[in-house]
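The values are calculated or read from the model by the stated rules, or taken from the named source; none is laboratory data. Bear in mind the structure is a predicted one, so any value in this text is a computation, not a measurement. Counting neighbours? That spans all protein chains shown, and the Cβs are built from the backbone with ideal geometry, glycine included.
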Amino acid sequence: MQSHSCAALVIAAPASGQGKTTVTALLATYYRQQNKKVRIFKVGPDFLDPMVLEYASANPVYQLDLWMVGLPHSQQLLFEAAKEADIILIEGVMGLFDGNPSTADLAAHFGIPILAVIDASAMAQTFAAIAVGLDQYREDVSVAAVVANRLGSDRHKEMVTEALPSHLPCLATLKRQSADILPSRYLGLVQADEIDDLAQRLQLGLNDLWFNHQAHLPIIRFDKPDIAPTPTLLDGVKIGVAKDAAFAFLYKANLDCLEQLGAQLVFFSPLTDTTLPEIDSLYLPGGYPELYLDALSTNTSLKHSITTHYHADKPILAECGGMLYLCESLTDKAGTKADMLGLLPAKAVLQKRLTALGLQEVTSNNLSVRGHTYHHSLLETDAIASTFGLCPNGKTVSEALYQQKRLTASYIHFYFPSNPTLIANWFRP
């Protein structure tokens, strides 16, 4: 069996909010400055963390997940990364053992040790007890090293690190003032392209990062899985992909999948372009359309172009924010309302709180595709759903799939490689 080996760590924590993304970005920046090629992956269906991590590593960031992405594709992505990388960093999701499947499940399957990021801001020696607990909780999961985050002083650092047992070295520490260098909004981190001083922020963080040069990273072997090639069901099909600050929630694996299917991708901006490019099909991904109501609502030329595309019975796939753009109107959290395309008989209104979160699987024409939902808006609509998603973890989240003419729309962010055939059916003219 063909395989590749390189240094690898899963960066996990006892809970959300411990600083995993900041630490992952700073470590990637540090290793790059040591002339190492770094590849980063993100566990779970996150869009925002990967944007920052892609900037930090100067390489594309893909998702890993034993359910949504699936074991064979996760293995393929790691195998390909190990072929070229010096170091693979995998940022976990939530707490190490939280969820089903959890970050721990993925680490155990691939035999990758954990780098535990722990917020030490309100503790001293108890930091070591938490690290030991993470290491011993499951026999198939081991902690290779720890990172002490949000330290208040040199004395605080000494108390925390001296309490650690010898088999749990401290790889790095980060001072409190640099722990929150990455700004956020209600869906998570602010998009990397919106942070004008991201390079300076990362360098400031590096200035407060102490790195243990004596620590050695574990070397992990990644085997090549046996995966059939993707059939070229979209050979020659031109797909317009909306991509700008309003529509940026794009899985790199989805774009890869469309190209492997044979499609030609043509990117455009609903914020600035006045007409669609010459395309056969249209992909409107999620994002933050509610932050750009004026630009989207007043771009009447593009709205007319998309409407013409729709009435010509040409395919459209719209996910979450892309679906909101197709509604009659969209109202932001401040109550500002703007007219959208009106192709979907619905009115969308942003809420003050999260309205849906969960993995989803949708079956259409006896084919199933997986994905996830995460949004703060509600839809007021008379549209009748063609089917509904199911959550594998038993949650009540069940998102509607709307289909009219050649339009397919849903709150679900689909993971295309989970069923390329169904995706091809939705996009094929």
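Worth a mention:
- Picking from residues in region 197-210 that are touching a helix residue (DSSP H, G or I) at 6+ places or on another chain (Cβ under 6 Å) and not aliphatic (A, V, I, L, M), the one that is farthest from residue 151 (Cα to Cα) is 205.
- Of residues in region 221-241 being in contact with a helix residue (DSSP H, G or I) (Cβ under 7 Å, 6 or more places away or on another chain) and among the hydrophobic types (A, V, I, L, M, F, W, C), the one modelled with the lowest pLDDT: 227
- Residue check, residue 378 surrounded by fewer than 20 Cβ atoms within 10 Å (Cβ to Cβ), in contact (Cβ under 8 Å) with a residue 24 or more places away in the chain, more than 30 Å from residue 336 (Cα to Cα) and not polar (S, T, N, Q): no
- Assessment of region 132-145 against the conditions (in the same structural domain as residue 11 (by TED's automatic domain parsing), closer than 21 Å to residue 217 by Cβ, crowded, with 21+ Cβ neighbours inside 10 Å and among the polar types (S, T, N, Q)) yields no matching residue.
- Pairs where the first residue, in region 119-130, is of a type in the set (S, T, N, Q) and the second is in a helix (DSSP H, G or I), C-beta under 7 Å, 6+ apart: 121/176; 125/159
- Taking the listed residues 358, 371, the one that is out of contact with any Phe, Trp or Tyr (no Cβ under 6 Å at 6 or more places or on another chain) and under 27 Å from residue 63 (Cα atoms) is 358, with no other qualifying.
- Subset of region 267-281 (residues that are among the acidic types (Asp, Glu) and in contact (Cβ under 8 Å) with a residue 40 or more places away in the chain): 278, 280
Conditions tested, residue by residue: (1) hydrophobic (A, V, I, L, M, F, W, C); (2) within 17 Å of residue 323 (Cβ to Cβ); (3) touching a helix residue (DSSP H, G or I) at 6+ places or on another chain (Cβ under 7 Å).
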residue: 250; (1), (2), (3): yes, yes, no
residue: 254; (1), (2), (3): no, yes, yes
residue: 279; (1), (2), (3): yes, no, no
residue: 283; (1), (2), (3): no, yes, no
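- None of 233, 258, 204, 217 is under 18 Å from residue 63 (Cβ atoms) and either of a type in the set (A, V, I, L, M, F, W, C) or part of a strand (DSSP E or B) (or both) except 258.
- Qualifying positions in region 147-186 - modelled with pLDDT of 95 or more, crowded, with 20+ Cβ neighbours inside 10 Å and among the small types (Gly, Ala, Ser): 148, 172
- Residue in region 223-242 that is crowded, with 18+ Cβ neighbours inside 10 Å, under 25 Å from residue 69 (Cα atoms), touching a Cys at 6+ places or on another chain (Cβ under 9 Å) and of a type outside the set (Ser, Thr, Tyr) present: no
- The sole residue among 41, 47, 110 that is in contact (Cβ under 8 Å) with a residue 24 or more places away in the chain, aromatic (Phe, Trp, Tyr) and closer than 15 Å to residue 182 by Cβ is 47.
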